[in-house]
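None of the figures in this text is laboratory data; all of them are computed from the coordinates on show. Bear in mind the structure is a predicted one, so any value in this text is a computation, not a measurement. Reconstructed Cβ throughout: ideal geometry from the backbone, glycine too, with neighbour counts over all protein chains shown.
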Amino acid sequence: MGEHQHILEAANLQPHEALSPPIQSNWFDRSETLQKLRRNKKFPTIWCSGCGIGVVMGALLRAIDHLGLKNDQVALVSGIGCTSRMPVYLDYNTLHTTHGRALAFATGLKIARPAMKVIAIMGDGDALAIGGNHFIHAARRNIGITALVVNNSIYGMTGGQYSPTTPIGGKATTAPYGNIEPPFPICELAIAAGATYVARSTVYHALELDKFLTEAIAKDGFSVVEAVSYCHTTYGRLNRLGTAADMMRALKENSISKTAWDKLSEEEKAANGHKIVRGVFHNIERLEYTKAYDKLIGFVQGGVR
Ligand SMILES: Cc1ncc(C[n+]2csc(CCOP(=O)(O)OP(=O)(O)O)c2C)c(N)n1
Ligand code: SF4
Ligand SMILES: [Mg+2]
């Protein structure tokens with residue numbers, strides 16, 4: 001890890017917090033992480049070359065590995081969208097459901113199998129437009145699901161319609177003169193609705209994503225990780241933001257850690273208001289939904305589920 005110290009420092013990580021596949025001659029076969037891919041069945045992916053979604057998939061795999069979870073202890077549930085194709089490529093219990101309904105299916109699954117680590121993988125449209133109601137109510141209930149929201153500020157799969165996270169002024173196929181609707185701040189919304197763990201990082205800061213996803217999946221209650229990504233094919237092209245590499249670089253240059261942000265004066269914060277703040281924004285304890293339900297059943301029936 002020594003020579004990669006600068007990468008760890010950029011993400012505020014200790015060496016033991018980062019997990020990378022061992023470098024071997026036959027590294028694909030020897031890597032436990034890569035063995036979790038359904039590589040013989042579903043590859044190549046549908047994703048455009050350079051898309052950030054693959055980075056999030058790698059972070060998710062490493063986070064699950066970090067926790068030592070077996071494939072059958074994990075369920076990945078998604079809706080529809082580029083992001084929602086992710087479970088199709090992974091070898092866990094997987095459900096590829098309908099647009100906006102990942103959390104509804106995940107809720108049913110968690111209630112039927114409370115011991116299962118249930119992870120709902122959603123795009124910004126999936127989670128906050130058509131699925132917005134499920135998002136706030138899953139948070140309100142504090143049901144033990146991890147919501148992984150890949151925020152690329154657009155409907156990627158369907159060609160670039162604006163979403164609830166498109167920035168003001170951003171052009172989309174449905175906003176050719178620029179978007180006039182203020183975007184939902186995903187993390188603030190999740191906290192206000194009742195989530196018990198809420199964090200944000202970007203696909204440039206892949207190791208930080210590993211760390212936040214590990215903490216989120218380990219959490220008992222409803223946890224949310226916003227993974228800020230980009231869609232160079234639709235949003236980037238319509239807004240002349242350059243290549244995938246340019247958009248990746250912009251995430252590095254236009255983001256700031258929460259630790260650094262908290263040290264800024266009010267004037268400095270106003271001058272840096274366009275920056276993406278990365279960090280853990282909320283981490284509290286509150287009785288998880290299926291545990292509360294079990295407690296109730298125990299109280300009424302004197303039994304245990
Ligand atoms: C009920 C329903 N409405 C609309 C669609 C069309 N549709 C498919 S994916 C999508 C939006 C995808 O955007 P997002 O969730 O942000 O995912 P991304 O592709 O950006 O990862 C839409 C509107 C659909 N499949 N089902
Ligand atoms: S359309 Fe956009 S979000 Fe979808 S795979 Fe391509 S770059 Fe990624
Ligand atoms: Mg999207």
Query raised in the report: If you average the sequence gap of Cα pairs under 8 Å that are 6 or more apart and divide by the length of region 2-301, what percent do you get for the contact order?
Result: 17 percent
Query raised in the report: Using modelled amide H (1.01 Å from N, peptide plane; none on Pro or chain starts), what sits under 5 Å from the amide H of residue 145, excluding residues fewer than 5 places away?
Result: 222, 223
Report summary line: The rounded separation in angstrom of the Cα centers of region 85-105 and region 208-255 is 20 Å
Query - Spin-label proximity, residue 173 to region 102-146 - amide N less than 16 Å from point 7 Å beyond Cα toward beta carbon - result: 125-126
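Trypsin sites (Lys or Arg not before Pro) within region 216-252: which are DSSP loop residues with at most 13 other Cβ atoms inside 10 Å? Intermediate values should be presented prior to the final figure.
Numbers: sites: 219, 237, 240, 249, 252; in loops: 219, 240.
Counting only loop positions with at most 13 other Cβ atoms within 10 Å, the trypsin sites (Lys or Arg not before Pro) in region 216-252 are 240.
Over all directions, what mean area does the Cα convex hull of region 37-177 project, stated in square nanometres?
Working: hull surface 35.6 nm².
Over every viewing direction, the Cα hull of region 37-177 projects on average to 8.9 nm².
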Report task. Read phi for every residue in region 43-51 and hand back ³J(HN,Hα) as whole Hz from Karplus 6.51 cos²θ - 1.76 cosθ + 1.60, θ = phi - 60°, with x for Gly and Pro. Result -> 8, x, 6, 7, 6, 5, 4, x, 5
**Report entry** Nearby lysines by direct alpha-carbon distance to residue 219 (threshold 26 angstrom, same-chain neighbours under 8 apart not counted)
**Finding:** 36, 70, 110, 117, 211, 258, 291, 295
Query raised in the report: Between residue 140 and residue 46, how many nm apart are label points set 7 Å from Cα along the C-beta direction?
Result: 3.2 nm
**Report entry** Kirkwood hydrodynamic radius over Cα pairs of region 2-301, then Stokes diffusion coefficient at 20 °C and 1.002 mPa s, in µm²/s
**Finding:** 109 µm²/s
**Report entry** Normalised contact order of region 209-305, rounded percent, pairs of Cα under 8 Å and 6 or more residues apart
**Finding:** 22 percent
**Report entry** Listed residues 277, 238, 48: farthest to the positive end of the dipole of the chain (Cβ charges)
**Finding:** 48
Query - Of 109, 187, 8, farthest towards positive along the dipole that unit charges on Lys, Arg, Asp, Glu beta carbons give the chain - result: 109
Report task. Calculate one ³J(HN,Hα) per residue across region 126-135 by plugging θ = phi - 60° into the Karplus curve 6.51 cos²θ - 1.76 cosθ + 1.60, and present them in order as whole Hz with x for glycine and proline. Result -> 4, 7, 10, 9, 4, x, x, 5, 4, 4
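Divide, for region 129-182, the radius of gyration over alpha carbons by 2.2 N^0.38 Å, where N is the residue count. Working shown, then result.
Working: Rg = 13.4 Å, N = 54, 2.2 N^0.38 = 10.0 Å.
For region 129-182, the normalised Cα radius of gyration comes out at 1.34.
With charges set only on the Cβ (+1 for Lys and Arg, -1 for Asp and Glu), what does the dipole of region 2-301 come to about its Cα centre, in debye to the nearest 20? Walk me through the intermediate numbers first.
On the way: 31 positive and 26 negative charges, 164 e Å.
It comes to approximately 780 debye.
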Requested in this report: Report, by chain and number, residues whose modeled amide H sits under 5 Å from the one on residue 99, excluding near sequence neighbours (fewer than 5 apart, same chain).
Outcome: 80
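Between residue 258 and residue 133, what's the calculated FRET efficiency when r is the beta-carbon distance and R0 is 51 Å? Round to 0.05.
Values: r = 29 Å, r/R0 = 0.56.
My answer for the efficiency is 0.95.
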Report task. Place the peptides 70-82, 173-185 in order of packing, highest mean first, counting for every residue the other Cβ atoms within 10 Å and averaging per peptide. Result -> 70-82, 173-185
Query raised in the report: Got a sec to turn the phi values of region 183-196 into Karplus ³J(HN,Hα) couplings, 6.51 cos²θ - 1.76 cosθ + 1.60 with θ = phi - 60°, whole Hz, x for Gly and Pro?
Result: x, 6, x, 4, 5, 5, 4, 5, 5, 4, 7, x, 4, 9
Query raised in the report: Do the sum for the chain: with -39,500 (n - 2.57) for every DSSP H run of n ≥ 4, divided by all residues, what is the mean residue ellipticity at 222 nm, to the nearest 500 deg cm²/dmol?
Result: -10000 deg cm²/dmol
Report task. Show the residues, 5+ positions off or on another chain, whose built amide H is closer than 5 Å to the amide H of residue 282. Result -> 198
